């Protein structure tokens, strides 16, 4: 499997790709990007690459039928082709999700749910006439396979990244900014998310029934931060690579932990996924315009589906359900209170979101219940709890927790971004890059380093 | 020149990255058959600078190539010797038979409790020692995932001493049950598993512990470990410091999980032997307990090329040969925590390698039920 945070990508694939890309005349760059992406993806497994290719071709052919050639929209789009495409895309997504959930032998292809979502939105946009120029085959395959996004998103849309223009030129500014975001994301992933994941591992090792209540809370916060640093870091790397190649920056995270309320949190967290559900599920169902009951129904449907998209174990359904309830609660009960006292919205985020991540993190319901008993110890007592465990872990992990918390506030991040052209920031980033490379090298040469016992 | 200036002004970050990478790449490539010759290098997927990073991690710095080419040659020679030693033991004389063992019963007060030996246990390297004196080595199912680089040939002979501290001289004591006060003069040395025993077992404040995460037989003597004394007070100390400053009645050793992916069984055995020799030197009167490496769960053992029970069993066999049944014992906790296949029961472990906090009482129990009491 090829990852951005691997030596093979950083020092082999990416530099070679960039050199070829920029030596190629602008109008042929898409072809280079296509071949590069297929090679990138095929490194994760040939069979997966075949699957992606087949789905891409099917979607291209059906998409051509869906697209209405008539610019005025007099000739309606081909409904049958559209439904066939949706059935194939959604069908294979559901099929694979269920099979991989039921059996260890079926492995979900890398980035499967990400590129199928792109395919579905592509067909829907064609059907609604939102894509005005007929997409040609090169555009389409590049859109589906482009390596910066194929494995973990963001779920880019056809219209908002600059696919309408064919010749891809890259400004000096865009290239530098892209590199900046890439290095920043790399640091978040390697120097913060990876060490933070060890604390969660430590808690699993002790066994949930034996952790002290302070450690249980530290674990919830740790998991919340680790998921954020991991995913935001990856999104920044992907967006950065995109910029270096001449695409627009794709916004995926906007300081979610600074949000005022759970609903706002999810407009800022993995924003491209939220927007996808909004545009292709929530609004077609009627959104919030058809009365309160329909709104509540739609919210529940959307959040259940969001839960299932993440995984088919019951904890994801509970996770989606709890978020739906929290959002309904905010929208219909405490809406006025939050607007008058924004702090209540912030407290909502800081209190409820880590708890929902605990549900997200623990697939086994029995274990989940035990973890909540440790978070709220008046429901039960632990087994063989060592009260010193919290201090022991805090002394090890406080620097990672602290830096991650600082990065949750918009202020620090903006300070770095605003000064990204200043030499001190550039030097710090260079150090971040090399320290990340160091950590990657050590973990690759000794895959068990993170798990030294 | 002007072009370079323009480049620097426009692409400063790219320039700093490229400029800083150049010396690293050059050093890596230049040292690939010298300073870094011991590291595996696959230029197709790995840049030369990865060698420099790996070196730094192991304390090998680029400037050392200027000052110690000689030393590098010496270590090469030492490595060659070591390999020769491994092969020569295969030719070593077969174990000389022990004379009829003079069996000395342990004190009457000790309940003579020999665990019913599980059907998949072998009497391993404790061959010449009567039953009940040491624990047998518990075997486990082999799931055929093992990387043979971590094993030694099946016919490798381990301890064949007829004199010295590891020799079986015919005086034996049986293992039996004891109460917790037995451990008040005991020291437990080990890795993170022993850290867990200290934190979650019942012996803290009674026995002393000297342990640290990621410790293995190759680095234990060079590192500072965390020492917890009989009163539960703790500080950093090396093995040598603790052994030379204190006197213990029993020294328990539990090592072997961090080096499952380092070297082969014979190298592990030799290092282990050195550690026991050192303990004996500082603690001439202590009973030494070699604790067999605890097995890993089925999930681990059936998927991990080094952390699997096939490697663990072979290594347990190797270190069990060091027991003499007189003042060095081999004890094996695995029957207390493993299923019929010899895999660590998954419910007892959060990660397949460590006991959960709630399961340490099983380790405690195995210690209390398998202790030697030497009669006067």
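Remarks
- For segment B:164-303: rounded, prolate or oblate by the Cα gyration tensor [a/c cutoff 1.5]: rounded
- Shielding by partners - mean other protein chain Cβ count within 10 Å, residues of A:201-213: 5
- Shielding by other protein chains, A:29-36, mean Cβ within 10 Å: 0
- Note on residue A:46 and residue B:339: with the Förster distance fixed at 35 Å, the Cβ-Cβ geometry gives a FRET efficiency of about 0.40.
- Spatial separation of Cα centroids for segment A:172-188 and segment A:5-28, in angstrom: 15 Å
- From the alpha carbon centroid of segment A:241-281 to that of segment B:278-326 is 52 Å.
- If the segment from residue A:329 to residue A:278 were pulled out straight at 0.36 nm per residue, it would be longer than the present Cα-Cα gap by 16.5 nm.
- Two-decimal Rg to Rh for segment A:11-52 - Kirkwood Rh, Cα set: 1.04
- The calculated FRET efficiency for the pair residue B:247 and residue B:7, based on their C-beta separation and a Förster distance of 56 Å, comes to about 0.20.
- Its DSSP H runs of at least 4 residues, each contributing -39,500 (n - 2.57), put the calculated 222 nm mean residue ellipticity of chain A at -22000 deg cm²/dmol, to the nearest 500.
- The modelled label-to-label distance for the pair residue A:285/residue A:337, using points 7 Å beyond Cα in the direction of Cβ, is 2.6 nm.
- Residues residue B:160 and residue A:20, FRET efficiency given R0 of 41 Å [Cβ-Cβ distance, rounded to 0.05]: 0.10
- Pairs of Cα atoms nearer than 8 Å and 6+ residues apart set the relative contact order; for chain A it is 17 percent.
- Debye equation applied to the C-alpha atoms of segment B:102-372, log10 I(q)/I(0) at 0.16 Å⁻¹: -1.30
- For segment A:314-378, the normalised intensity computed at q = 0.20 Å⁻¹ comes to -0.83 (log10 of I(q)/I(0), Debye sum over alpha carbons, equal scatterers, no solvent).
- Gyration tensor verdict on chain A (Cα atoms; rounded if a/c is under 1.5, prolate if a/b is larger than b/c, oblate otherwise): oblate
- When you restrict to C-alpha pairs under 8 Å that are six or more residues apart and normalise by the size of segment B:102-372, the relative contact order lands at 27 percent.
- Per-residue average of Cβ from other chains inside 10 Å of A:433-444: 4
- With both labels modelled 7 Å from their Cα along Cα-to-Cβ, the residue B:20 to residue B:145 distance reads 3.8 nm.
- Protection proxy ranking, highest mean first, for peptides A:236-243, B:138-145: A:236-243, B:138-145, where packing is the per-residue count of other beta-carbon atoms within 10 Å, averaged.
- Normalised contact order of segment A:201-299, rounded percent, pairs of Cα under 8 Å and 6 or more residues apart: 12 percent
- Between residue A:58 and residue B:169, the modelled labels are 7.8 nm apart [label points 7 Å from Cα along Cα→Cβ].
- Extension gain, residue A:27 back to residue A:381 (0.36 nm per residue minus Cα-Cα distance, nm): 120.8 nm
- Within the protein assembly as shown, antiparallel bridges make up roughly 35 percent of the DSSP beta bridges whose residues both belong there.
- Shape class of segment A:280-438 from the Cα gyration tensor (axes a ≥ b ≥ c, square roots of the eigenvalues): oblate, since a/c reaches 1.5 or more and a/b does not exceed b/c.
- When the alpha carbon coordinates of the protein assembly as shown are projected onto the principal axes, the ranges are 105, 68, 48 Å, largest first.
Throughout, read-outs are computed from the coordinates displayed, never taken from laboratory work. The structure presented is a predicted model; accordingly, all values stated were derived computationally and were not measured. Glycine gets a Cβ as well: all are built from the backbone with ideal geometry, and neighbour counts include every protein chain shown.
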